[in-house]
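Peer 1: Dropping the structure in here first, questions after.
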Amino acid sequence: MSDPRLGGQPWSSAIVYAPRLPAIALAGVRSRRIMAVVLDLIIVSLLSFSLWLGLGFLSLGLLWFVLPPLFPIVAFFYNGLTISGRRKATPGMRAMDLEVRLTSGAPVPFLNAAAHAVLFYVSWMFPPILLISLVSPEKRCLHDMLAGLVVTRRPD
C-alpha cells in the first residue's frame, strides 16, 4: 500500500530503524530491570502513602476516602520526571546502572516517559505481554516499543 505523502512509497519505508545497539549495552538488562522495578515500586508506594497520610491529616481525615487512587498519579509523575530528567533513569534504574533513551539515542521528553509508565502499568494487567522482551533482539518490552524507548546499561 502506498501513501501519497511519502511520494508514493509504501508505508514500510516510513519506518525508521534505530542503529543496532552493542551487546555490552544490553548485557543483563532484563534482570536489572526486574530489580529496578521492585525498588521503584517500593519508592512510589512510600511516596503515595506519605502523600495520602499527609493530605489526610491536613483535611482532618476527610480526604482519606477520596485519595486512594494516588498511586497511579504519583507513578505517572515519578516516571515522567525522573526518566526525562538529566540522569535519564528512575532511582531504581540508577541503582541498577540503567538508563532510558529514545530509540534514536536522544533524551526522553516528559510525555514519552509518562506514557511509558502508563503503558507499563497497563501491561501488568496482561502479564504474558511482558514475555515479548524474551524474543526482542534489543530486550525491549512492548511498552518500550510503543513509547519509542530503549533501556540500556549506563555507559562507563
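The values are calculated or read from the model by the stated rules, or taken from the named source; none is laboratory data. Given the structure is predicted, the values throughout are model-derived calculations rather than measurements. Here Cβ is always computed from backbone atoms with ideal geometry, including for glycine, and neighbour counts include all displayed protein chains.
Peer 1: Taking only pairs six or more apart or across chains, which ones have beta-carbon atoms under 6 Å, a first residue in the range 114-141 that is farther than 13 Å from ARG30 by Cβ and modelled with pLDDT of 85 or more, and a second residue that is aliphatic (A, V, I, L, M) and not in a helix (DSSP H, G or I)?
Peer 2: Every condition considered, the pairs that remain are HIS116/LEU149.
Peer 1: Please identify the pairs in which a residue from the range 40-67 that is at negative phi has its Cβ atom under 6 Å from the Cβ atom of a residue that is hydroxyl-bearing (Ser, Thr, Tyr), counting only partners at least 6 apart or on another chain.
Peer 2: Listed pairs, sorted by first residue: ASP40/THR90; VAL44/TYR78.
Peer 1: Which of the residues spanning the range 74-114 are over 20 Å from LEU39 (Cβ atoms) and out of contact with any strand residue (DSSP E or B) (no Cβ under 9 Å at 6 or more places or on another chain)?
Peer 2: SER104, ALA106, PHE110, LEU111, listed by residue number.
Peer 1: Could you check the range 129-148 and list, in sequence order, the residues that are closer than 26 Å to PRO69 by Cβ and outside any loop (DSSP other than H, G, I, E, B)?
Peer 2: Correct list: ILE129, LEU130, LEU142, HIS143, ASP144, LEU146, ALA147.
Peer 1: Quick check on SER104: is it in contact with a Gly (Cβ under 9 Å, 6 or more places away or on another chain) and either among the charged types (D, E, K, R) or touching a residue at least 60 places away in the same chain (Cβ under 8 Å) (or both)?
Peer 2: Considered against the rule, which asks whether it is in contact with a Gly (Cβ under 9 Å, 6 or more places away or on another chain) and either among the charged types (D, E, K, R) or touching a residue at least 60 places away in the same chain (Cβ under 8 Å) (or both), SER104 comes out as yes.
Peer 1: Take the residues of the range 52-67 that are surrounded by 12 or more Cβ atoms within 10 Å (Cβ to Cβ) and aromatic (Phe, Trp, Tyr): which is modelled with the lowest pLDDT?
Peer 2: Selected residue: TRP64.
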